[in-house]
Each structure stands twice: as structure tokens, then as C-alpha cells.
Amino acid sequence: MKKGFRNFVLLCVGVGVVGVAMAATGAAMGGQTSLRLNRPGVSLEITPWGISFSQGSRTSHGLLDGLDEMLDALDDLDKGDFMSRIPDGDDDWNLMGEDEVTRRQLEEFGSLKVDVRQLPVEVKEGDGFAIACYGEETVDAVSYTLDNRELTVKQQRDLTQMGGHKVVITMPRNSAMEEINIQSDSGAVSLELEDDILATSITVQTQTAPMSVDVKMCTALLLETQSGAISLEEENIGTARVNAVSGAISVEGALLGQLEVTSQSGVINVDVDGRQENYTYTCSSQGLVAVNGNPGSTSGGQGHNTVHLQSQTGLINLEFDD
């Protein structure tokens with residue numbers, strides 16, 4: 001470990017220790033050292049030593065739950081493995097306490113199907129194949145099965161409380177997914193597969209929920225929504241179709257392959273990380289159309305990569321980064 005970073009860590013810990021000591025001294029002198037917020041049936045208390053969240057007869061403590069592990073890790077500063085001793089953020093440093101996150105390690109799967117209503121979903125690279133439910137109510141609202149290398153996740157009932165709930169599905173680097181299919185009504189969807197996770201087929205369909213998809217390589221990609229926003233970042237695809245009725249659409253990346261984007265009234269922004277002559281493009285809309293900042297330009301190029309953008313009344317903006 002570099003000396004500068006070691007000194008930085010020690011300084012942070014030292015400031016924390018001094019802060020706690022000062023708070024304790026202040027408490028002994030009769031000073032106010034905590035903030036308590038109350039609502040009917042719920043209370044939140046913030047002190048220099050942590051956070052306490054109470055709901056009914058149940059109380060959770062957080063913030064400093066992993067302090068012992070971190071102090072133990074300081075003993076390894078000279079051994080060079082300090083970072084490996086810090087607890088994982090998802091499991092041990094949850095703000096409202098570890099009991100609010102239920103994480104299950106899974107056997108390897110090659111296909112993923114998710115069907116939710118208002119529950120947010122994240123799919124990303126992680127420490128092995130796993131599923132994590134954030135929020136106590138999420139555990140009861142979700143069921144999952146793993147059969148013949150296919151993981152199926154379903155939301156069985158609606159949530160009575162909003163905020164703090166989500167399902168996170170992880171897979172290790174260099175994984176290959178045969179199919180990823182996510183259906184959602186109003187729960188936001190996030191796919192972060194930009195590293196070394198390859199997918200043959202990806203389908204994400206929502207009603208009003210926004211979606212964010214970051215993929216490095218995919219043979220067939222379909223993103224559809226009624227009124228949710230769509231954000232796509234990709235490198236190499238066979239074919240990609242992105243459709244929205246009124247939601248805004250943003251696409252960027254190398255876009256190697258065939259891209260088709262359609263919308264009725266939403267704004268379409270496409271930023272191509274490549275030379276204009278390597279693409280064949282067409283743009284069609286009753287609204288404003290601009291290519292590289294030039295309004296009225298609707299088609300051009302003779303490259304083997306294709307970009308087709310179509311809207312009824314929405315604005316279309318296409319940029320090539322030469």
C-alpha cells in the first residue's frame with residue numbers, strides 16, 4: 001500500500017475517533033448530540049455513534065455496524081491487504097442495518113427472466129451468481145426459482161411502502177447469458193453489463209418505468225416502453241430495436257450493427273462513437289431533425305452499420321463523433 005493512501009486512511013479514522021470522543025464529552029456536559037425525527041408509528045434517531053430506525057416493535061441499527069471489521073482491517077495496513085478486509089457495501093454497510101438486505105448465493109444460471117410491477121430491478125456484475133432483496137417487504141413480495149440454468153424472478157404482491165426497495169441480481173465477470181427478459185410496470189430497470197458479460201438476447205419492456213441498459217455485446221436487443229425514459233449505451237450488437245410512445249430516448253456508443261429507434265412524440269438523441277462514413281443513416285419526423293447540428297439533414301452515408309430513427313412529432317438529434 002502506498003504511503004500516501006495509508007496516511008489518508010489513518011487520517012479519516014483519526015478524525016472519526018476524535019469526533020466520537022468530542023461527542024461523548026459534549027454529552028457528558030449536557031450538550032445535544034442526537035437528532036430524532038418522529039412520525040406516527042415510525043422514528044429515526046441520528047447520533048454520532050450510528051442510526052436507529054424504529055417501526056412498531058422493530059428496531060434496526062446501522063452506519064457503524066461494520067466498525068469492528070474496519071478496525072480489524074487497520075491491523076493489516078502494513079500487510080498490503082487492507083482493501084480486501086473492508087466489508088462489501090451491499091451486504092455490510094447498508095445504512096439501515098444488515099437485516100434490511102437479504103442476499104442469497106445461487107448456482108450458475110445462463111438465462112434470466114424477471115416479471116415485476118413497481119419493484120425496481122438491477123442486473124449487474126458482482127461476486128458470483130446471487131440475488132439480493134433490499135427492504136424487508138421485498139423479501140415477502142418476491143419469489144424466485146432456478147431450474148435448468150434459468151433463473152425466474154416474480155413479484156407476487158404489491159408493496160405497501162415505497163422507497164428503499166429493489167432486487168439486485170448479479171453474475172460474475174466473463175458470464176454468458178443466453179437470454180435476459182425483464183418485464184416491469186412502474187419499477188425502474190437497470191442493466192450494467194458493460195464489462196465482460198455477453199448476452200445473446202436482451203428484452204426489456206415497461207409501462208411507465210425508466211430503463212438504463214449498458215451492454216458491451218449483444219446479438220439481439222429489444223427495449224420498449226409506453227412513457228418511461230430509455231437510456232442505452234452499447235458497443236457491438238447484431239440488431240437493436242428501441243421503441244417508445246412518449247418517453248425520451250437516449251442512445252450512445254459505437255453502435256456497431258443495425259439500430260432502429262422509433263417514437264411517437266418523445267425526443268430521440270443518438271450519439272454515435274464512430275466516423276459518419278462507416279454508417280448508413282435515415283431520420284424521419286414531422287418535428288425538428290438535426291444531424292451533427294445541421295437541421296434538415298435526414299439521410300446519408302454508405303457504411304455497413306445502419307442507424308434508422310423515426311418519430312411522429314418528436315425531435316431527432318443524431319451526432320457522429322469523428
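Structure summary
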item	result
Within segment 50-151, strands (runs of 3 or more DSSP E) holding 1 or more residues that are in contact with a Gly (Cβ under 7 Å, 6 or more places away or on another chain), surrounded by fewer than 17 Cβ atoms within 10 Å (Cβ to Cβ) and modelled with pLDDT of 90 or more	101-105
Any strands (runs of 3 or more DSSP E) falling wholly within segment 182-246 and containing at least 2 residues that are among the polar types (S, T, N, Q) and closer than 19 Å to V261 by Cβ	198-206, 211-225, 230-244
T262 assigned to a strand (DSSP E or B), of a type outside the set (A, V, I, L, M, F, W, C), at pLDDT 95 or above and farther than 28 Å from A209 by Cβ	no
From the options V261, V251, residue that is touching a His at 6+ places or on another chain (Cβ under 9 Å), under 21 Å from Q226 (Cβ atoms) and buried (at least 21 other Cβ atoms within 10 Å of the Cβ)	V261
Condition check for L318: more than 22 Å from L198 (Cα to Cα), among the aliphatic types (A, V, I, L, M), modelled with pLDDT of 95 or more and touching a Phe, Trp or Tyr at 6+ places or on another chain (Cβ under 7 Å)	yes
Cβ-Cβ under 6 Å pairs, at least 6 apart or on other chains, segment 233-254 side closer than 11 Å to V215 by Cβ, far side acidic (D, E)	E233/D214; E233/E252; G253/E233; G253/E234; G253/E235; G253/D273
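The values are calculated or read from the model by the stated rules, or taken from the named source; none is laboratory data. Keep in mind it's a predicted model, so treat the numbers as computed, not measured. Here the Cβ is made from the backbone with ideal geometry for all residues, glycine too, and neighbour counts use every protein chain on show.
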